[in-house]
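The values are calculated or read from the model by the stated rules, or taken from the named source; none is laboratory data. This is a predicted model, so every value here is computed, not measured. Cβ: placed from backbone, ideal geometry, glycine included. Neighbour counts: every protein chain shown.
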Amino acid sequence: MIAAAHSILEQFTPDKWMPLDDPRGPRLLMSQGDTSYTVSLWNEKQAVDAGASDVASAVLRSVLPKDAPFTVPRTVASQAFAKGELTDARSTLVVADPLPGVPVSTQDFVEQPSLIESLAQTLAILHSCDAGAVADSGLVAQEPQETREQLLDNLDRAAGTRKVPTALLERWERVLETASAWHFLPAPIHDAIDVDALRCDGAHIVALTDIHRLRVGDPAVDLAAASALLSPNSFEEFLEHYATHREVDDPGLRQRIDLMNEFVMVELLLTAVDSGDKHSVDEVADMLRNFAEVASPDEVSRQPTEEDEFRPANAGVAVSGTEDSDSAENIATTDIPTKDSAIDPDDEDSMPTNRIDT
């Protein structure tokens, strides 16, 4: 790896190196004087993610404030190698600038409370970046209506398995049919927030990694992921800090965060069904039943049957069968307002739509 890295770096001859602990594969830190680089050897799938990360990193560096308190990965050079050249499979050698800090753990947020605000600030800064510029780069951009329809499609599929208690179907359907919950401006989101994506110096988040899934979408995705790293009380504190650092009119944010946290079970069920693993399906079904008993104890009376109707996404989702001026099927299709435009959460005509102005 050292010789290969030396061959693709001009005027750099490492005089010392050390292995780095990385469960993803071989990784080294090599140095020449005061200059250091990390060298990673990725398999084909990892190389695809690394390529996506390079694009996302370049886009982020162009839109992040110059005084942002965190950095993102930067690849210096990379080269693909055929089977047998470095390993017994095709691989890609990636040379990058070292990132500051160390990976965080959930315990760090308990022992160092300043990390809670730092995480909130990090995500607020990311979500405040120019969504149009990110969309212009060719990265995925998803509108509120598209987000809702994707969730509803997954709920339709889950309902079709007859493994989701009716109380949960109705619970999630109610959020999806509430138009005010989907009045938000799409923002740049990380979409893979966990302890592996965050590095800290002990008190502050100093680097944001694993950015290969960067896209424009619902900020609630990142905030729901952040909640998994924090205790319930710490998450409430986190949300207060987030609101301080990012002042935006988003009346349905908390509803969507809670929905996405619970929707993890839907995703687990669909993954288990797609795998054909009956044991996994049964395990998730038990999880859903247990959650239904806690979340809606008075409503859990039966499992859905063949007679239960669950409407497809393009047919609307009204539970009662009556028209509701605040239902999601009344979402309007007007252009996304600019950041300075006022959005009235009770006015369907102000709902962001299926196009991001760039």
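In the list L99, L93, L60, which residue meets the criterion of being at negative phi, in contact (Cβ under 8 Å) with a residue 40 or more places away in the chain and in contact with a helix residue (DSSP H, G or I) (Cβ under 7 Å, 6 or more places away or on another chain)? Step through it out loud before you land on a result.
Working: L99 fails: in contact with a helix residue (DSSP H, G or I) (Cβ under 7 Å, 6 or more places away or on another chain); L60 fails: in contact with a helix residue (DSSP H, G or I) (Cβ under 7 Å, 6 or more places away or on another chain).
Step by step, each of L99, L93, L60 is checked, and only L93 is at negative phi, in contact (Cβ under 8 Å) with a residue 40 or more places away in the chain and in contact with a helix residue (DSSP H, G or I) (Cβ under 7 Å, 6 or more places away or on another chain).
For P14, which of the numbered conditions (1) buried (at least 17 other Cβ atoms within 10 Å of the Cβ); (2) under 30 Å from A228 (Cα atoms) fails to hold?
Every listed condition holds for P14 apart from (2).
From (1) closer than 23 Å to R213 by Cα; (2) surrounded by 15 or more Cβ atoms within 10 Å (Cβ to Cβ); (3) touching a residue at least 24 places away in the same chain (Cβ under 8 Å), pick out the condition that doesn't hold for R27.
(3)
Hand me the list of helices (runs of 4 or more DSSP H) wholly inside the stretch 226-342 holding 3 or more residues that are over 24 Å from G160 (Cβ atoms), of a type outside the set (V, I, T) and modelled with pLDDT of 65 or more.
Values: elements: 232-245, 253-275, 278-295.
Output list reads 232-245, 253-275.
Looking at (1) in contact (Cβ under 8 Å) with a residue 40 or more places away in the chain; (2) in contact with a Phe, Trp or Tyr (Cβ under 6 Å, 6 or more places away or on another chain); (3) more than 30 Å from V140 (Cβ to Cβ), which one does A4 not meet, given that it meets all the others?
Going through the list (1) in contact (Cβ under 8 Å) with a residue 40 or more places away in the chain; (2) in contact with a Phe, Trp or Tyr (Cβ under 6 Å, 6 or more places away or on another chain); (3) more than 30 Å from V140 (Cβ to Cβ), A4 breaks only (2).
Just name the residue that is nearest to M260 (Cα to Cα) out of those in the stretch 188-204 that are surrounded by fewer than 23 Cβ atoms within 10 Å (Cβ to Cβ) and touching a residue at least 60 places away in the same chain (Cβ under 8 Å). Give the derivation first.
Looking only at the stretch 188-204, we keep the residues that are surrounded by fewer than 23 Cβ atoms within 10 Å (Cβ to Cβ), and these are 191-192, 194-197, 199, 201-204.
Adding the requirement that they be touching a residue at least 60 places away in the same chain (Cβ under 8 Å) leaves 195-196, 199, 201-204.
Values: V195: 19, D196: 20, R199: 24, D201: 30, G202: 29, A203: 29, H204: 27 Å.
So the residue we want is V195.
For the stretch 160-173, indicate whether the set of residues that are under 15 Å from the mean Cα position of the chain (by Cα) and of a type in the set (A, V, I, L, M) is non-empty. First the steps, then the outcome.
Residues of the stretch 160-173 under 15 Å from the mean Cα position of the chain (by Cα): none.
No, the stretch 160-173 contains no residue that is under 15 Å from the mean Cα position of the chain (by Cα) and of a type in the set (A, V, I, L, M).
Is it the case that the stretch 45-63 has a residue that's in contact with a Lys or Arg (Cβ under 8 Å, 6 or more places away or on another chain), more than 15 Å from L208 (Cβ to Cβ), outside the structural domain of A207 (by TED's automatic domain parsing) and among the polar types (S, T, N, Q)?
Yes; the residues of the stretch 45-63 include at least one that is in contact with a Lys or Arg (Cβ under 8 Å, 6 or more places away or on another chain), more than 15 Å from L208 (Cβ to Cβ), outside the structural domain of A207 (by TED's automatic domain parsing) and among the polar types (S, T, N, Q).
Which of (1) modelled with pLDDT of 90 or more; (2) part of a loop (DSSP other than H, G, I, E, B); (3) among the small types (G, A, S) is the odd one out, the single condition S40 does not satisfy?
Single failed check for S40: (2).
Can you name every residue in the stretch 176-216 that is out of contact with any Asp or Glu (no Cβ under 7 Å at 6 or more places or on another chain) and of a type in the set (G, A, S)?
A181, A187, G202, A203, A207
Could you check, for the stretch 189-209, whether at least one of its residues is assigned to a loop (DSSP other than H, G, I, E, B) and on the phi > 0 side of the Ramachandran plot?
Step one: filter the stretch 189-209 for residues assigned to a loop (DSSP other than H, G, I, E, B), giving 190-194, 201-204, 209.
Remaining after also requiring on the phi > 0 side of the Ramachandran plot: 191, 202.
Within the stretch 189-209 (the criterion being assigned to a loop (DSSP other than H, G, I, E, B) and on the phi > 0 side of the Ramachandran plot), the answer is yes, since at least one residue qualifies.
Yes/no matrix, rows are residues, columns are (1) farther than 23 Å from D49 by Cα; (2) among the small types (G, A, S); (3) exposed (fewer than 15 other Cβ atoms within 10 Å of the Cβ):
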{"site": "A80", "(1), (2), (3)": "no, yes, yes"}
{"site": "E85", "(1), (2), (3)": "no, no, yes"}
{"site": "D88", "(1), (2), (3)": "no, no, yes"}
{"site": "S91", "(1), (2), (3)": "no, yes, no"}
{"site": "V95", "(1), (2), (3)": "no, no, no"}
{"site": "G101", "(1), (2), (3)": "no, yes, no"}
{"site": "T106", "(1), (2), (3)": "yes, no, yes"}
{"site": "L126", "(1), (2), (3)": "no, no, no"}
{"site": "D136", "(1), (2), (3)": "no, no, yes"}
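Can you go through G25, G51 and tell me which one is within 24 Å of T87 (Cβ to Cβ) and either aromatic (F, W, Y) or touching a helix residue (DSSP H, G or I) at 6+ places or on another chain (Cβ under 9 Å) (or both)? It would help to see each step written out before you state the result.
Numbers: G51 fails: either aromatic (F, W, Y) or touching a helix residue (DSSP H, G or I) at 6+ places or on another chain (Cβ under 9 Å) (or both).
Going through G25, G51 in turn, just one is within 24 Å of T87 (Cβ to Cβ) and either aromatic (F, W, Y) or touching a helix residue (DSSP H, G or I) at 6+ places or on another chain (Cβ under 9 Å) (or both): G25.
Counting residues that are modelled with pLDDT of 95 or more, touching a Leu at 6+ places or on another chain (Cβ under 9 Å) and farther than 19 Å from E236 by Cα, which helices (runs of 4 or more DSSP H) fully inside the stretch 99-163 reach at least 1?
Working: elements: 106-111, 114-127, 131-136, 144-160.
Hits in the stretch 99-163: 114-127, 131-136, 144-160.
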